[in-house]
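As structure tokens, the structure follows; a few thoughts come after it.
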Amino acid sequence: MAGALKNVTDADFEEVVLKSDKPVLVDFWAAWCGPCRQIAPSLEAIAQEQDDVEIVKLNIDENPGTAAKYGVMSIPTLNVYQGGEVVKTIVGAKPKAAILRDLDPFIGAPKA
């Protein structure tokens, strides 16, 4: 189902993200991060507009293991995982149009 952004944790990251049959964009964020809050509405909108990429959030304060494993040094960091591998990394707050351009290889046309 498109729409709601799911939260993932260190415990379910492999199951939800790495074993997914479609690309998954993981938003590495924290509650204290202003730019993370800035891009949240864009990510929500993208999630509602298309079904080709799953979008999930991972709170780095609550789940430091996964962030450390993937070398996330600054947030927001958006990693796209496909087939269990990182295939795209987007660092920093960007407008929705720029995020969509970065995701272009992974998504088809937006839903009507």
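The values are calculated or read from the model by the stated rules, or taken from the named source; none is laboratory data. Nothing here was measured: the structure is a model prediction, and the numbers come from that model. Please note: Cβ atoms are built from the backbone with ideal geometry, for glycine as well, and neighbour counts cover all protein chains shown. Keep in mind that these areas ignore ligands, DNA and RNA; they rest on the heavy atoms of the full protein, side chains included. Shrake-Rupley method; radii C 1.70, N 1.55, O 1.52, S 1.80 Å.
In the set (1) more than 17 Å from ASP12 (Cβ to Cβ); (2) in a loop (DSSP other than H, G, I, E, B), the condition left unmet by SER42 is number (2). The residues on offer are ASP51, ASP27, ASP21, and the sole one that is touching a strand residue (DSSP E or B) at 6+ places or on another chain (Cβ under 9 Å) and either assigned to a strand (DSSP E or B) or open to solvent by 50 Å² or more (accessible area, probe 1.4 Å) (or both) is ASP27.
Tell me whether region 88-101 contains one or more residues that are touching a residue at least 60 places away in the same chain (Cβ under 8 Å), surrounded by fewer than 16 Cβ atoms within 10 Å (Cβ to Cβ), out of contact with any His (no Cβ under 9 Å at 6 or more places or on another chain) and closer than 14 Å to LEU25 by Cβ. No, because not a single residue in region 88-101 is touching a residue at least 60 places away in the same chain (Cβ under 8 Å), surrounded by fewer than 16 Cβ atoms within 10 Å (Cβ to Cβ), out of contact with any His (no Cβ under 9 Å at 6 or more places or on another chain) and closer than 14 Å to LEU25 by Cβ.
Candidates in region 65-87 are the residues that are more than 12 Å from the chain's Cα centre (by Cα) and within 18 Å of THR9 (Cβ to Cβ); of these, the one that is most open to solvent (accessible area, probe 1.4 Å) is LYS69. Is it fair to say GLU62 is open to solvent by 40 Å² or more (accessible area, probe 1.4 Å) and over 17 Å from CYS33 (Cβ atoms)? Criteria not met by GLU62.
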